[in-house]
Amino acid sequence: MRSLKGRFDLIDWNRFRFWFQMSCFLLLVYGGYWGLELGKHLPTFSCIYNTGARGGACYLSILQHQMAWPWEKLFSAAALVILTGFLTFVAWFIAINKLWCGLICPLGTIQDWMTALRRRLGVRYGRYTIGQFRVLGQIKYVLLALMFLIPLGIGAGWFSKDMGLPFCMICPARMIIPMFDLNFTHWTIDFSSTSKMVLTSLGMVVVALFFVGGFIKKRFFCFFCPMGAFMYLISKPALLTLKKDGDKCTRCGDCYNVCDMDIREIADDVTNPRIMMDDCTLCLKCVAACPEPGALKANYAGITFFESTEAGFIKRSQKGVGLEQPKH
């Protein structure tokens, strides 16, 4: 076991992550063609609108549908169906925490492709100021709250049923993921009702922001993702954790330089061992970039399987997978 961990500590993490992401993308976007069906309660954007091709479905669509049930049904024995679905979602999440975001989510993978393209073209990318970071970081919680409240309002008769799945209507996955199966039917504005027209139009705007923002800022959409907020709220029992030993940290900033989410605490906080913030996607690039032995560790069920080492840092740097310095 120790020998296996020693090899993993020396791994070319960027290359490993790229091929892992590619494999997950193929399984989630095209797995249906191979008979793969992981269910409809996955903590990742495997979109339900990618009918026939997908290998599993995003839980948020199912949850919104169920929350829009009439209240007499919602608060009856039928609620056990919702509880069962939620526990299935939690079980998937507990298994690998927000690694679903960093390595598995198709929308996250697409954003990483845009970052790679930007880097090849030499296009500058931006960072948020501390003030911008704090303000933007709250948007995902607002979207999460609306994702619950609007369906509940539909079930109570306060809102039109045409609002359907409100977050799905504006989620970029609804248009982008089916596109990889050559399905462009969702790239339209639905004029059948005012509610559908507003939501599908807003969806067009969000998709435009996804592509423009994702090309300028690494993992742009992840800052606003209600799935990420939802998962963070239930992250404490997750088996996969990111830990920091502040006594070994020199605050060199290498981890912050590679962080797609601009999380300053990963470099600055030397007192909190549980360093995973709500915006963290657990991509583990920080662990790979850290030169201080044992300063950052990825643990599974309390067992360290990947940690920062001097040898690993040197090997990755020699292979050209060292730090991507920010351009201003």
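The values are calculated or read from the model by the stated rules, or taken from the named source; none is laboratory data. It should be emphasised that the depicted structure is a prediction, and the values quoted were computed from it without experimental measurement. Positions of Cβ are generated from backbone atoms using ideal geometry, with glycine treated the same way; all protein chains shown enter the neighbour counts. SASA here: full protein model, heavy atoms, side chains in, ligands and nucleic acids out. Shrake-Rupley method; radii C 1.70, N 1.55, O 1.52, S 1.80 Å.
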Carbon + sulfur, % of accessible area of region 4-135 - ligands and nucleic acids excluded, 1.4 Å: 70 percent
1/(1 + (r/R0)^6) with r = Cβ-Cβ of residue 18 and residue 73, R0 = 35 Å, i.e. FRET efficiency to nearest 0.05, evaluates to 0.15
Which of the residue pairs 73/236; 140/248; 5/315; 98/243; 140/236; 73/140 have a Cα-Cα distance greater than 22 Å in the structure shown? 73/236; 140/248; 73/140
Find which of 305, 206, 221 sits farthest along the positive direction of the dipole of the chain, computed with +1 on the beta-carbon of Lys and Arg, -1 on that of Asp and Glu, about the Cα centre. 305
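Might you report the magnitude of the Cβ-based charge dipole of region 25-137 about its Cα centre, with Lys and Arg at +1 and Asp and Glu at -1, to the nearest 20 debye?
640 debye
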Using 0.36 nm times the number of residues separating residue 117 and residue 91, minus their current alpha carbon distance, what extension gain do you get? 5.8 nm
With 0.36 nm assigned to each residue of separation and the Cα-Cα distance removed, residue 271 to residue 136 gains 46.1 nm
Would you mind working out the accessible area per residue for the chain, using a 1.4 Å probe, and quoting it in Å²? 47 Å²
For the chain, set up a GNM with springs between Cα atoms under 10 Å and report which of 296, 121, 242 has the largest fluctuation. 121
Quick one: compute the contact order of the chain, relative version, from alpha carbon pairs under 8 angstrom and 6+ residues apart, as a percent. 21 percent
Output the 0 to 90 degree angle, nearest 10, between the alpha-carbon long axis of helix 13-30 and the longest principal axis computed from the alpha carbons of the chain. 20 degrees
What helix-only [θ] at 222 nm does the chain give? Using -39500 (n - 2.57) per DSSP H run of at least 4, over all residues, to the nearest 500, the answer is -14500 deg cm²/dmol
Please work out the C-alpha center-to-center distance from region 51-86 to region 183-205 and express it in whole Å. 23 Å
Dipole of the chain, Cα-centred, from +1 at each Lys and Arg C-beta and -1 at each Asp and Glu C-beta, to the nearest 20 debye? 580 debye
Measuring from the longest principal axis of the C-alpha atoms of the chain, the long axis of helix 139-155 (C-alpha) lies at a number of degrees, nearest 10, equal to 20 degrees
Accessible carbon and sulfur surface of region 140-291 relative to its total accessible area, %, 1.4 Å: 68 percent
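Peptides 202-209, 300-307, 150-157: what's the order by average Cβ count within 10 Å, highest mean first? Don't skip to the answer; put the middle values down first.
Details: 202-209: 15.6, 300-307: 13.9, 150-157: 17.9.
Order by mean packing, descending: 150-157, 202-209, 300-307.
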For helix 194-216, what angle does its Cα long axis make with the longest principal axis of the chain, in degrees from 0 to 90 and rounded to 10? 10 degrees
Only four residue types carry charge here, +1 at the Cβ of Lys and Arg and -1 at the Cβ of Asp and Glu. Report the dipole size of region 1-77 about the Cα centre in Debye, rounded to the nearest 20. 300 debye
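Quickly rank 221-227, 270-276 as a protection proxy: mean count of other C-beta atoms within 10 Å, highest first.
Highest to lowest by the protection proxy: 221-227, 270-276.
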Using a 10 Å cut-off on Cβ atoms, rank the peptides 181-189, 54-62, 243-251 from the highest mean neighbour count down. 54-62, 243-251, 181-189
